[in-house]
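Report on one structure; see the data block that follows.
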Amino acid sequence: MASSSERKTVRVFESIDELAMILAEYISQLSEDYVRQRGCFTIALTGGSLLTVMGKLCQSPYDRTVDWTKWHVFWADERVVAKNHVDSNCKQTKDAFLSKVPILQSNIYSINDHVSVAEAARQYQFAIRQLVKIRTIDVSESNDCPKFDLILLGMETDGHIAALFPHHPALQMRDEWVTYIIDSPEPPPERITFTLPVINSASNVAIVATGKEKARTVQYAIVATDEDVDASSLPARMVQPTDGKLVWFLDEMAASANARNGGGQAV
Ligand SMILES: O=C1O[C@H](COP(=O)(O)O)[C@@H](O)[C@H](O)[C@H]1O
């Protein structure tokens with residue numbers, strides 16, 4: 001059985017444009033594979049710069065070759081604000097991506113923005129449970145967690161992924177699929193997030209990081225040894241799919257602190 005480091009690939013691109021092209025090809029290929037195997041494609045997104053990089057997917061040839069009607073779209077994290085608020089990951093995703101491709105409205109699973117953060121997390125988890133029951137979302141063979149076909153994550157300079165921040169107790173959450181925080185170090189304070197067991201149960205996880213300001217964090221997340229880094233200080237380092245694959249998509253700037261030497265193949 002392959003170890004988690006053997007299932008990790010680091011891909012470094014000369015420019016964000018090249019990264020965006022290969023990322024679009026990667027997502028489109030996974031979509032084709034899972035639609036063929038399972039009849040649908042479950043993808044969880046986040047907010048932030050990732051959405052801009054995903055832009056190529058709305059263009060030719062993908063706008064016509066991807067079977068958008070088979071897509072089921074989730075968020076690995078969401079800020080608990082109104083869906084039309086500029087901070088909403090759902091709004092950001094709609095503006096940058098969902099409004100440009102024919103994904104069925106009924107296959108877009110956003111949070112309930114009219115309830116408390118705790119209730120929004122509970123309802124989101126319940127919705128996911130229903131979809132696991134009918135196997136729209138696959139289930140992990142190693143635990144009873146949902147097994148998304150692809151979870152696409154961004155990473156901030158502090159190493160947080162989804163709404164899992166350094167040293168936050170939510171990092172240790174094992175019994176829930178979706179949890180919430182009320183004290184995000186960055187505004188807005190209330191967010192819901194997939195827990196690490198869910199992220200690590202996905203068939204494929206991709207982390208996209210660009211820009212020089214993320215280089216040091218990328219190096220610690222990918223290259224440094226366990227002795228050098230306390231894992232909970234760097235949530236991105238805790239992304240280690242149990243049975244699935246992890247691909248880091250970096251531009252030269254983000255990889256400039258030598259991430260390309262760490263345990264994966266660079267392009
Ligand atoms: O707070 C957040 O930030 C991360 C990373 O954003 P980026 O703009 O630096 O790429 C994002 O993935 C997450 O969804 C968001 O809530």
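Quick notes on this one:
- Using the Karplus relation 6.51 cos²θ - 1.76 cosθ + 1.60 with θ = phi - 60°, the per-residue 3J(HN,Hα) values for segment 18-31 come to 5, 4, 4, 5, 6, 4, 4, 5, 4, 5, 5, 5, 5, 4 Hz, with x marking Gly and Pro.
- Relative contact order of the chain: 26 percent, from C-alpha pairs under 8 Å at least 6 residues apart in sequence.
- Each label point was placed 7 Å from the Cα along the Cα-to-Cβ direction; for Met21 and Gln105 their separation is 3.7 nm.
- Taking amide H as placed 1.01 Å from N in the peptide plane, Glu252 has its amide H under 5 Å from the amide H of Phe13, Ser15, each at least 5 places away in sequence or on another chain.
- Near the amide H of Thr9, within less than 5 Å, lie the amide hydrogens of Leu246, Val247, Trp248, all on another chain or at least 5 residues away, with H placed in the peptide plane.
- Selected from Met155, Leu234, Ala96, residue furthest toward positive end of dipole (the chain; charges at beta carbon): Ala96
- Prolate/oblate/rounded call for segment 157-225, Cα gyration tensor, a/c under 1.5 rounded: oblate
- Converting phi to 3J(HN,Hα) with the Karplus coefficients 6.51, -1.76 and 1.60 and the offset θ = phi - 60°, segment 82-93 yields 4, 5, 9, 7, 4, 7, 5, 4, 4, 4, 4, 5 Hz in sequence order, with x at every glycine or proline.
- Cα shape, segment 86-126, gyration tensor, a/c 1.5 rule: oblate
Laboratory data are not the source of any read-out in this text; all were calculated from the coordinates shown. All values reported here derive from a predicted model rather than from experimental measurement. Neighbour counts are summed over all protein chains in view; Cβ atoms, including those assigned to glycine, are modelled from backbone coordinates with ideal geometry.
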